[in-house]
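Undergrad: Take a look at the following structure, please.
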Amino acid sequence: MKFEKDHLCSACEQGKIPRKHHKFKMAFASNKPLYLLHMDLYGPMRIKSINEKRYVLVVVDDYSRYTWVFFLHSKDKASEVIISFIKKTQVNLQFQVQHVRTNNGMEFKNKTLVKFFDEVGISQQFFAARTPQQNGVVERKNRTLVEATRTMLTFLNNFLLQERHTKSFNYPQTF
């Protein structure tokens, strides 16, 4: 018995088209710290931090994969945090930032940052909107951070529940 391929209508064919894969490109490897920084801002988060902050700015050094995380009240604070971070880090590590890779978000394309980057000689590299594959370094780090946070919160809740349970048995009862 031989099976024939079923005929699909054009709507079915379009509906079953997978998203096109991004071909792996030989990535440029930084040869010193701070040569290339990957940045991403995500939020607003559903749950605020202890200090009522809902946005997270993640910066990853391409050379070492060292990661800095900044919590922000709003997106418009990103510029001043980035400028302060770059100035302090360049002084402390004695290396110059050459390139910054970000998405096309307005928090990275504003006049303040463009002016600062021009003054200090940093080139900005933007990738297309809604394509995290193009800035996979920081997107992967975001995922790792979110998973680690979830794990810690789950552990903390379990710990607090066990502590409360233990406390209820050890607490002196009076009648």
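Undergrad: Could you please find all residues in the stretch 49-61 being of a type in the set (D, E, K, R) and surrounded by 13 or more Cβ atoms within 10 Å (Cβ to Cβ)?
TA: 53, 54, 61
Undergrad: Another one. Scanning for something at pLDDT 90 or above, within 23 Å of residue 63 (Cα to Cα) and assigned to a helix (DSSP H, G or I), does the stretch 138-148 turn up at least one residue?
TA: No.
Undergrad: Let me ask something else about it. Could you list, in sequence order, all residues of the stretch 62-80 that are closer than 27 Å to residue 31 by Cβ and crowded, with 17+ Cβ neighbours inside 10 Å?
TA: Of everything in the stretch 62-80, those that are closer than 27 Å to residue 31 by Cβ and crowded, with 17+ Cβ neighbours inside 10 Å turn out to be 62, 70.
Undergrad: Is it true that some residue in the stretch 85-95 is of a type in the set (A, V, I, L, M, F, W, C), buried (at least 17 other Cβ atoms within 10 Å of the Cβ), modelled with pLDDT of 95 or more and touching a strand residue (DSSP E or B) at 6+ places or on another chain (Cβ under 7 Å)?
TA: Yes, there is a match, as at least one residue in the stretch 85-95 is of a type in the set (A, V, I, L, M, F, W, C), buried (at least 17 other Cβ atoms within 10 Å of the Cβ), modelled with pLDDT of 95 or more and touching a strand residue (DSSP E or B) at 6+ places or on another chain (Cβ under 7 Å).
Undergrad: Quick check: anything in the stretch 151-170 surrounded by 13 or more Cβ atoms within 10 Å (Cβ to Cβ) and either in a loop (DSSP other than H, G, I, E, B) or modelled with pLDDT of 80 or more (or both)?
TA: No, the stretch 151-170 contains no residue that is surrounded by 13 or more Cβ atoms within 10 Å (Cβ to Cβ) and either in a loop (DSSP other than H, G, I, E, B) or modelled with pLDDT of 80 or more (or both).
Undergrad: Which of the residues that make up the stretch 96-112 are hydrophobic (A, V, I, L, M, F, W, C) and touching a strand residue (DSSP E or B) at 6+ places or on another chain (Cβ under 8 Å)?
TA: 97, 100, 108
Undergrad: What are the pairs with Cβ atoms under 8 angstrom where one residue, in the stretch 36-53, is at positive phi and the other, located anywhere, is among the charged types (D, E, K, R) and at pLDDT 85 or above? Sequence gap at least six, or different chains.
TA: Between residues of the stretch 36-53 that are at positive phi and residues that are among the charged types (D, E, K, R) and at pLDDT 85 or above, the close pairs are 43/54; 43/75.
Undergrad: So for the stretch 10-31 (the condition being part of a loop (DSSP other than H, G, I, E, B) and either at pLDDT 85 or above or surrounded by 13 or more Cβ atoms within 10 Å (Cβ to Cβ) (or both)), does at least one residue qualify?
TA: Yes, that holds for at least one residue.
Undergrad: Can you work out which of the residues in the stretch 111-139 that are of a type in the set (A, V, I, L, M) and within 16 Å of the chain's Cα centre (by Cα) is surrounded by the most Cβ atoms within 10 Å (Cβ to Cβ)?
TA: Checked the stretch 111-139; the qualifying residue surrounded by the most Cβ atoms within 10 Å (Cβ to Cβ) is 138.
Undergrad: Between residues in the stretch 70-97 that are over 20 Å from residue 110 (Cβ atoms) and residues that are outside any helix (DSSP H, G or I) and among the acidic types (Asp, Glu), which pairs lie under 7 Å by C-beta distance while being six or more apart or on different chains?
TA: Hits for this filter: zero, empty list.
The values are calculated or read from the model by the stated rules, or taken from the named source; none is laboratory data. This one's a predicted model, so the numbers in the text were calculated from it and none came from an experiment. Glycine also receives a Cβ, built like all others from the backbone with ideal geometry; neighbour counts cover every protein chain displayed.
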